[in-house]
Structures are given as C-alpha cells and as structure tokens.
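Peer 1: Once you've had a glance at the structure underneath, I'll fire off some questions.
Where a number appears in this text, it was derived from the coordinates with a stated rule and is not lab data. The structure displayed is predicted, hence computed values, not measured ones. Virtual Cβ from ideal backbone geometry, glycine too; neighbours counted across all protein chains shown.
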Amino acid sequence: MSLLKHADSDAAADSVRSSLEKIREYVAEHYDEPLTLEQLAGMTSLSPKYFGELFKKQFGQSVTDYVTEVRISQAKRYLRDTDGLLRDIARKVGYADEFYFSRKFKKEVGVPPSAYTRSATRRIAALSPSSVGYLLALGIVPVAAPIDAKWTPYYYHTYYSRISIHLKQGEMDATDADNALLRGRPDAVIGYEQPRSPRLLAALERRSLPLFVPDRQLGWEVQLRQIAEFLDAQGRCEAWITAYRRKAEQARELVGQAVGRDTFVVLRLCGNNFYLYCNRGIRDVVYHDLQLRAACLKADVYNEKISLRQLKSLNPDRILLLVCPDDETRTAWLALQHSAEWRTLAAVSGGRVYSIPSDPWFEYSAFSINRMLNEMLMMFTGKCPNDDLEYVHGDGRRSEL
C-alpha cells in the first residue's frame, strides 16, 4: 500500500511540474495580455498562494518576477529594433500606462526607455571577445567585433546579423582605407589591451576616436564599472550587477540542493595529459558564486599536470572537463573512455563527468560569467534560465502582474 501511495505522490508531483512549465510557456506567449496571479493559478487548479510558492521553488523566481522579466526583455527588443512610440511599445508588452512602464523600465534596467534607445544605437567597436561581453552586459551590441564560428560560436550565431563589421586577426594591421574597424565608423572603441599596431593607434588618433582599455587585472565587476563610466552607462551597469548577484544567490541554493556536499575538480585534457585547471571565470562562478567544494586543497590551481593515479587519490565526486579541440587530444579522449583506470573513478562510474566548452569558459567578462552560471544551472538542475539578465519585481498591486 505504501508503494502505491509513493507512486501516486510521484505522479502528482510530475503533474504539478508539468503544469508549472505550461504556465511559464503561457506567460512567454501571452505577455502582452493582462495577467493576474489568480488567473494563472486558476489554470493549475491551485490556490494563488500555493501556486506562487511552487512556482518560485521550481524556477527560482516569483511569478511576478518572471512576468515582468519577459515583458521588459521584449520591451528592450522593441526599443532596439523598431522606431515605435513609447506608449505603443508599453501596450505591446502588457502595460496600459506608458508612464508606469517607463518607471518600471528605469527601475530594472537602470535607465529610462529613451536613454536605453540612445545607448543601444551608439556605434561602439570591440577589439576582443571579452570587450563584446562587457558591452552586451550594458545593452550595447558593438558595431564591429572579432567574432568567429569556431572560437566564439555564441556571439557568432547569436549576433552575426546585428554586428555589422566582423573583425578578423590581422585586420588591425591593415591600412586605414582597408581597415574594417574604421569602416564601421565607431564613436568609440573598447579594447582588452592596448592595440599593438602603431598604424591603428595613429588612425584612431587622427579621427579623435576615444579608446578605452579597462584594467584587466581587476575583477569583472570593476572592469564593467570602468567601461560603464567611460560610456556614461553607470545606471545600467549597477542594475546588471545587482541582478547578477541576486541570480547567483538563487543559483547557489538550487545547485546546492542538487549536488549536496559533493566535491568538484576541473580538468583540462591536452594531448595525453590531464591538468588540474582553473581560470578567473571558473574561480568566480564555481568556487565563489556557487560555493562548490573543491576536491583538492587549493581550488584555483591554474594548469598543474596530474596523473590518473593522483586523480584517483583525489577521487572527486564530480568532474568538469575541458577537452582541447586538436586531433591528438580527441584521439586520446576516445581511448581514455575505455580505460579501466579512468572508469573506476567515482565521478566516471557514477556518470558525473560534465564536458564544458571553451566558449564561454575561457572568456572573462560580465556576459560570459552569466553564461557560465546558466550552464551550471542547466547541468545540475535541468533549469534553463533566460539569456537576458533582468530581474524584475512586482508593482505592489495584488491583481495585475
């Protein structure tokens, strides 16, 4: 009898989870319509209070937070990609009052809609993938940037049509007339380091183009603030950082529930050799923001060779694995998967080895840090957060969301 009750309980839980997923999809499709907590709860046959509690437990944010997140994200797209009037955009995303919409937008994004539109249309060039990551966190899609299908696939496939000039290695040394960066007619340039090309520096100086390079020795929050100050985007910067911190706190709880006190190690396979690996992004997300337990005494070992025997002595519960993309490493990885010594590791035998790609794990920027956090959430909880990083709050009214 107890087994039957347990089966019934599991079936009921699955049914509730399915209902919550459908509500989430409904909101994403009907964000432009009036939505109330009571209405959405009624679609699940749950009381509004219980529905709200379950939704937050399942997705890590309240119903009101999610509704407004979807609406503000859509509003940003309308502001970037159309010339619509503010009142029309407000109505398209579910707000009858354009002034209320404007206040809500400023509270969550850091600037009013009009300023967001002006900023989004500024022509800013990026000299590195990390520069792209900082600009995107500020809501700015660069007019020119180095994007590549192999090395920066996310930026390449997501922003290919919106980044007008695709820079490639070697173009920084081209002549003025042929330089793709200058053909983009940027208003300013953001770099990861000072350009090495005297020709490019001279061209920027002749055109009086401002060039800003943040202090890359500092953490991503400080670098984002430096770039934001240069571009007069401090409000949006602080809103983004606040939203990320809140998201990281929620992710820490959700991932912690999934992995408990399991120990982690990050490995890099290059050729036939394993290396204990870490970089600033891994350190910030895995060990600081999520506070996961390292299997070795020092978590931030940056590239230390380790044998399978030494790895066996660590015997981590979970492994994050970076496999170098060259042919020699791929061959070694295929052979290793049939190795008895490898397969006896607890993480391997338990199916707890997680492959992580170089993009975003080799980039250090505000945007890549957020993508890493998203990947960790997806790997360990199955939850897929929205790409846009906006967290939104209720307006204090009980009925309309």
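Peer 1: May I ask what percent, to the nearest 5, of DSSP beta bridges between residues of the range 180-321 are antiparallel?
Peer 2: Working: 8 of 16 bridges.
Around 50 percent of the beta bridges assigned by DSSP in the range 180-321 are antiparallel ones.
Peer 1: Counting Lys and Arg as +1 and Asp and Glu as -1, what is the net charge of the other residues whose Cβ lies under 9 Å from the Cβ of Gln58?
Peer 2: Details: positive: Arg17, Arg24, Lys56, Lys57, Lys383; negative: Glu21.
So the surrounding residues net to +4.
Peer 1: Taking the Cα of Lys383, stepping 7 Å toward and past its beta carbon, and measuring to each backbone N in the range 249-271: which are under 17 Å?
Peer 2: Answer for the range 249-271: 249-260.
Peer 1: Neighbouring Cβ atoms within 10 Å as the yardstick, rank Val93, Val301 fewest first. Working shown, then result.
Peer 2: Values: Val93 20, Val301 16.
Taking fewest neighbouring Cβ atoms as first place, the list is Val301, Val93.
Peer 1: Can you work out the FRET efficiency for the pair Ser47 and Thr242, with r the C-beta to C-beta distance and R0 = 41 Å, to the nearest 0.05? Mind dumping the intermediate values first?
Peer 2: Numbers: r = 32 Å, r/R0 = 0.77.
The computed FRET efficiency comes out at 0.80.
Peer 1: Let me ask something else. Among DSSP beta bridges lying fully in the chain, give the percent that are antiparallel, nearest 5. Write out the running numbers ahead of the final one.
Peer 2: On the way: 9 of 28 bridges.
If I count the DSSP bridges inside the chain, around 30 percent turn out antiparallel.
Peer 1: What helices does the chain hold that run 15 Å or longer along their axis, going by alpha-carbon atoms, with a Kyte-Doolittle average of 0.0 or more, using DSSP H for the helix calls?
Peer 2: Details: long enough: 2-29 (41 Å, -0.46); 48-59 (16 Å, -0.82); 63-81 (27 Å, -0.71); 98-109 (16 Å, -1.06); 220-231 (16 Å, 0.12); 234-259 (36 Å, -0.71); 366-381 (22 Å, 0.66).
What comes out of the filter, once short or polar helices are dropped, is 220-231, 366-381.
Peer 1: Just checking my list (i) 152; (ii) 163; (iii) 140 against volume of the Cα convex hull per residue in Å³ computed from this structure; which label fits?
Peer 2: (ii)
Peer 1: While we're here: Taking the Cβ-Cβ separation of Asp88 and Arg123 as r and a Förster radius of 30 Å, what is the calculated FRET efficiency to the nearest 0.05? Please list the in-between numbers first.
Peer 2: Details: r = 26 Å, r/R0 = 0.87.
Efficiency at R0 = 30 Å is approximately 0.70.
Peer 1: Sorted from largest to smallest, which semi-axis lengths in Å does the alpha carbon gyration tensor of the range 241-381 give for its equivalent ellipsoid, taking the root of 5 times each eigenvalue? Mind showing how you got there, number by number?
Peer 2: Numbers: eigenvalues 131, 57, 33 Å².
Whole-Å semi-axes of the equivalent ellipsoid: 26, 17, 13.
Peer 1: Next up: Quickly work out the Glu229-to-Lys312 label distance, labels modelled 7 Å from Cα along the C-beta direction, and quote it in nm with one decimal.
Peer 2: Each label point lies 7 Å from its Cα, and together they span 5.4 nm.
Peer 1: How far apart, in nm, are two points set 7 Å out from the Cα along the Cα-to-Cβ line at Ala188 and at Glu205?
Peer 2: 2.1 nm
Peer 1: May I ask you to list the residues of the range 281-323 whose amide nitrogen lies under 20 Å from a point 7 Å from Cα along the Cα→beta-carbon direction of Ser355?
Peer 2: Label zone hits: 318-323.
Peer 1: Moving to a separate point now. Under a point spin-label approximation (7 Å from Cα along Cα-to-Cβ), what is the Glu25-Arg293 distance to one decimal in nm?
Peer 2: 3.8 nm
Peer 1: Under a point-charge model restricted to the Cβ atoms of Lys and Arg (+1) and Asp and Glu (-1), what is the dipole moment magnitude of the chain relative to its Cα centre, in debye to the nearest 20?
Peer 2: Result for the chain is approximately 420 debye, rounded to the nearest 20.
Peer 1: Using 0.36 nm per residue of separation minus the Cα-Cα distance, give me the extension gain between Arg283 and Asp326 in nm, one decimal. Don't jump to the answer; show the numbers that get you there.
Peer 2: Values: separation 43, 0.36 × 43 = 15.48 nm, distance 2.53 nm.
The Arg283-Asp326 span can extend by a further 13.0 nm.
Peer 1: Further, regarding this structure: Taking amide H positions as placed in the peptide plane 1.01 Å from N, state which residues far from Arg293 in sequence (5 or more) or on other chains have amide H under 5 Å from it.
Peer 2: Phe264
Peer 1: Going by amide H atoms built from the backbone, whose H comes under 5 Å of the H on Ala188, apart from near neighbours?
Peer 2: The answer is Ala125.
Peer 1: Most mobile of Val189, Val111, Val323 per a Gaussian network model of the chain (Cα springs, under 10 Å)?
Peer 2: Comparing Val189, Val111, Val323 in a Gaussian network model of the chain, the most mobile one is Val323.
Peer 1: Quick one: Val143, Val63, Val222, Val16, fewest Cβ neighbours within 10 Å first, how do they rank? Intermediate values should be presented prior to the final figure.
Peer 2: Values: Val143 21, Val63 26, Val222 12, Val16 17.
Neighbour counts put them in this order, fewest first: Val222, Val16, Val143, Val63.
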